[in-house]
Amino acid sequence: MGMISEIGRRSFKVRLLFGAIYCFLLFGSVFMIYPFWLMLSGTSKSGVDIRESAVIPSFITDKDAFYRKGIEALFNESSMNFQSTYSEASGDFEKIQIPVKIRYKFLDEWGDFIKSKNYPFYYYGVGYTGVYVSGGTNPMLMRQFKSRIYQKYAGDIEQMNRDLGTDFVAWSAFHFSTQPYLERRCMPDAMSKFNKRFYEFCAEQPFEYRFYYSPEGFYKTIYLMSHYTRNLGVYNQAHATSYSSWDQIKFPRTYPVDKNYTDQERADWADYVRNVLNLFWIGADNRALPIYQEYLQSKYPDIAELNRLYGSNYKSHSEIPLVEDVPFFGSRLSDWASFIQGWYNPLTNRLYQLPLEMTYINSAEFDFRDHLKFKFGMLHAVNKEFGTSFQDWLDIVPPQREYHCYYLMKDRTALTWEFIKRNFVTVADYILLHGRGILNTFIYCGIAILCSLIVNPLAAYALSRYRPPSRHKVLLFLMLTMAFPPMVTQIPNFLLLRELELLNTFAALILPAMANGYSIFLLKGFFDSLPQDIYESAEIDGAGEIRMFFQITMSLSKPILAVIALNAFLAAYSNFMMAMLVCQDQNMWTLMPWLYQLQNTSCTGIILSSLIIAAVPTFIIFTFCQNIIMRGIILPVEK
């Protein structure tokens, strides 16, 4: 029967009271759910939206926010890649704006051009293969590459390390760090088998996932702005120019001898090409061949010495050609770099150097301009065809920004889902492929529940059935164990387990928590409420204590036993400090130590994703066992 009768509930005051209670409960539930949704929203965060605090991530509903997140992922969160490719003064992904207009015909021309070229791997980068800010996250293409290697070696990480020359300690540590080959100091290790596999994988990816490196954009955004700051006025003052925007500054393919360039602009071009730009992008015309041969003859008078270092068989220095395909390592590479930068022979007091007027730049953007010039002949024909207003051939910039925007918006649904799930997939991948965390947790929780359902009921049964004279003192002692936090007993437990040589075993995890004072106290009170007549009848029928314990006491105590089992599961599943202390061998780690290690090296999105995944088993238990749990809470009170 309810506390308020049916007639009493018709009163306006009572209804008002009920309404106030429901409003209060609703208000409280909102305050409980809101932080959870913020946490769930945070699982998809990366560098571009880390400051955002919203229940629904903005990239799901807002096109501009999605574009910013998509561009960040495309450039692997590298500000330098983004700046140099788009010639952007700022590398802040939060300030990116969607292109106002997409020139579809011009975009198609660029797409057809890059598909017709078989550029080597160092000409372009591939998006969704790495992260520079969101530590721990595995983007979709990196996951695909990892899956391909994993399947090839059937999950044998040691075999993969031997074959590919890597040293990954586990599949969760599998990664590849991409870098732009624009600076001279950045050279690929193309002899690595692992790198070769990755470059082959990148070559198979769609062109919309690529961004082509721009020596011109690198010159403006990295070289010039690091020398003269982003203040264009400082640049104008140093060069005696009057540019109104950075876009007006040109980077010609060859040394700028035109009168439109100042001496300082020529000096910048020469310094950038000679000392900064990667050799991949620098070429020399045939007029430089005699100078190059003379340089090598001065450096290696004995042709046999040159052949030994180069692995060649030239008969004379006159047979040596100019370098066209720049090697990745070796004496030929260092000699070519010295020729471009300048090599001084102390014996003859002569400087050997590639003349600037014989130097030119190779890049996709210059090739695209040559393609348009060959196809249309005149600049006005290009403008007429594509609706542009270029004033000079150097004004033509490959429409990579529009190209990427078009395909990002085209694949918006798939990419949105990728941004939502990638951190969860990363955590799941880490858990499944890293150690024995899941198996150890399953074994540990199972044994902990079993022991809890045997030891605690036996102790409570003895106190309830036999009522020893000191039972109140025993109960008081059991209650006192609740007054001390588990951390107080960790050191004594560790020392005892070490003396017993039980460290790094399941016994070290289970024995310290096998008996629980609160559980015994709870069970003793429940057993006391059971009718004594049942036991008296069982004794008359000849039942022993063991039979009465299992067939009567345990059978009638299922609700409270469910609560005890749940508490044992929660204690074992969430055990972290003790598990780290007594099981320092990673082969014995449960799920929580592994997740803690992951969180130490991961971004906010990974941390929140791991917390939610870790909470799933507990949520499932509460969802499917809530009726039993409520009976275990209410039934002792009613009795």
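The values are calculated or read from the model by the stated rules, or taken from the named source; none is laboratory data. The model shown is predicted, which means the values in this text are computed figures rather than measured ones. Methodologically, a virtual Cβ is constructed for each residue, glycine included, from the backbone with ideal geometry; neighbour enumeration extends over all protein chains shown. Accessible surface areas use protein heavy atoms only, side chains included; no ligands, DNA or RNA. Shrake-Rupley method; radii C 1.70, N 1.55, O 1.52, S 1.80 Å.
Can you name the residue in the range 192-226 that is of a type in the set (Ser, Thr, Tyr) and over 18 Å from Ser90 (Cβ atoms) and is also surrounded by the fewest Cβ atoms within 10 Å (Cβ to Cβ) among such residues? Among them, the one singled out is Ser192. The residues in the range 206-264 that are part of a helix (DSSP H, G or I), of a type in the set (S, T, N, Q) and within 21 Å of His404 (Cβ to Cβ) can be counted, and the count is 1. Of the set (1) under 19 Å from the mean Cα position of the chain (by Cα); (2) open to solvent by less than 10 Å² (accessible area, probe 1.4 Å); (3) among the small types (Gly, Ala, Ser), all apply to Gly437 but (1). Pairs linking a residue in the range 97-110 that is touching a residue at least 40 places away in the same chain (Cβ under 8 Å) to a residue that is open to solvent by 100 Å² or more (accessible area, probe 1.4 Å) and not polar (S, T, N, Q), with Cβ atoms under 8 Å and 6 or more positions apart or on different chains, are Ile98/Lys63. Selection of first residues in the range 587-615 that are more than 14 Å from Thr426 (Cβ to Cβ) and of second residues that are open to solvent by less than 50 Å² (accessible area, probe 1.4 Å) and hydroxyl-bearing (Ser, Thr, Tyr), restricted to Cβ pairs under 7 Å at least 6 apart or on distinct chains, gives the following pairs, ordered by first then second residue: Thr590/Thr441; Thr590/Tyr444; Leu591/Thr441. Here's a check for you: in the range 164-190, which residue that is in contact (Cβ under 8 Å) with a residue 40 or more places away in the chain and in a helix (DSSP H, G or I) is nearest to the chain's Cα centre (by Cα)? Going through the qualifying residues, I end up with Ser172. Of the residues making up the range 54-86, just one is under 18 Å from Pro180 (Cα atoms), among the polar types (S, T, N, Q) and open to solvent by 40 Å² or more (accessible area, probe 1.4 Å), namely Ser79. Residue-level analysis places Val257 among those that are exposed (fewer than 12 other Cβ atoms within 10 Å of the Cβ), touching a residue at least 12 places away in the same chain (Cβ under 8 Å) and in contact with a helix residue (DSSP H, G or I) (Cβ under 8 Å, 6 or more places away or on another chain).
When the residues of the range 99-136 are narrowed to those that are under 20 Å from Ile361 (Cβ atoms) and touching a strand residue (DSSP E or B) at 6+ places or on another chain (Cβ under 9 Å), which ends up surrounded by the most Cβ atoms within 10 Å (Cβ to Cβ)? Break it down stepwise before answering.
Of the residues in the range 99-136, the ones under 20 Å from Ile361 (Cβ atoms) are 110, 113-114, 117-125.
Those left that are additionally touching a strand residue (DSSP E or B) at 6+ places or on another chain (Cβ under 9 Å): 114, 119, 123-125.
Values: Ile114: 19, Tyr119: 15, Tyr123: 19, Tyr124: 21, Gly125: 24.
Looking at the filtered set, the residue picked out is Gly125.
Residues that are part of a helix (DSSP H, G or I) and β-branched (Val, Ile, Thr) within the range 278-299 comprise just one, Ile291. The set of residues from the range 156-172 being touching a His at 6+ places or on another chain (Cβ under 6 Å) and crowded, with 18+ Cβ neighbours inside 10 Å comprises just one member, Ser172. For the range 111-135, a residue qualifies if it is outside any loop (DSSP other than H, G, I, E, B) and in contact (Cβ under 8 Å) with a residue 12 or more places away in the chain, and the qualifying residues are Gly111, Phe113, Ile114, Lys115, Phe121, Tyr122, Tyr123, Tyr124, Gly125, Val126. Within the range 173-191, the residues that satisfy the criterion of being of a type in the set (Ser, Thr, Tyr) and either open to solvent by less than 50 Å² (accessible area, probe 1.4 Å) or more than 30 Å from Gly435 (Cβ to Cβ) (or both) are Thr178, Tyr181. Looking for something surrounded by 12 or more Cβ atoms within 10 Å (Cβ to Cβ), over 21 Å from Pro355 (Cα atoms) and aromatic (Phe, Trp, Tyr) - is there at least one such residue anywhere in the range 289-310? For the range 289-310, residues surrounded by 12 or more Cβ atoms within 10 Å (Cβ to Cβ), over 21 Å from Pro355 (Cα atoms) and aromatic (Phe, Trp, Tyr): present. In this structure, Ala571 does satisfy being in contact with a helix residue (DSSP H, G or I) (Cβ under 9 Å, 6 or more places away or on another chain), open to solvent by 50 Å² or more (accessible area, probe 1.4 Å) and not charged (D, E, K, R).
Residues in the range 236-254 that are within 21 Å of Trp393 (Cα to Cα), among the polar types (S, T, N, Q) and open to solvent by 90 Å² or more (accessible area, probe 1.4 Å): Ser242, Ser244. Residues that are over 22 Å from the mean Cα position of the chain (by Cα) and at negative phi within the range 120-159 comprise Pro120, Phe121, Tyr122, Tyr123, Lys152, Tyr153, Asp156, Glu158, Gln159, listed in sequence order.
Condition check ((1) under 21 Å from Tyr212 (Cα atoms); (2) part of a helix (DSSP H, G or I); (3) within 36 Å of the chain's Cα centre (by Cα); (4) among the hydroxyl-bearing types (Ser, Thr, Tyr)) across all residues:
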{"site": "Phe339", "(1), (2), (3), (4)": "no, yes, no, no"}
{"site": "Tyr344", "(1), (2), (3), (4)": "no, no, no, yes"}
{"site": "Glu365", "(1), (2), (3), (4)": "yes, yes, yes, no"}
{"site": "Lys373", "(1), (2), (3), (4)": "yes, yes, no, no"}
{"site": "Gln391", "(1), (2), (3), (4)": "no, no, no, no"}
{"site": "Cys405", "(1), (2), (3), (4)": "yes, yes, yes, no"}
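Kindly check whether there is at least one residue in the range 380-394 that is crowded, with 17+ Cβ neighbours inside 10 Å and closer than 30 Å to Arg143 by Cβ. No, because not a single residue in the range 380-394 is crowded, with 17+ Cβ neighbours inside 10 Å and closer than 30 Å to Arg143 by Cβ.
Of the residues examined, Trp269 is not one that is within 37 Å of the chain's Cα centre (by Cα) and either under 26 Å from Tyr124 (Cα atoms) or at pLDDT 95 or above (or both). Taken over the range 137-195, the criterion of being among the β-branched types (Val, Ile, Thr) and more than 22 Å from Gln586 (Cα to Cα) is satisfied by Thr137, Ile149, Thr178.
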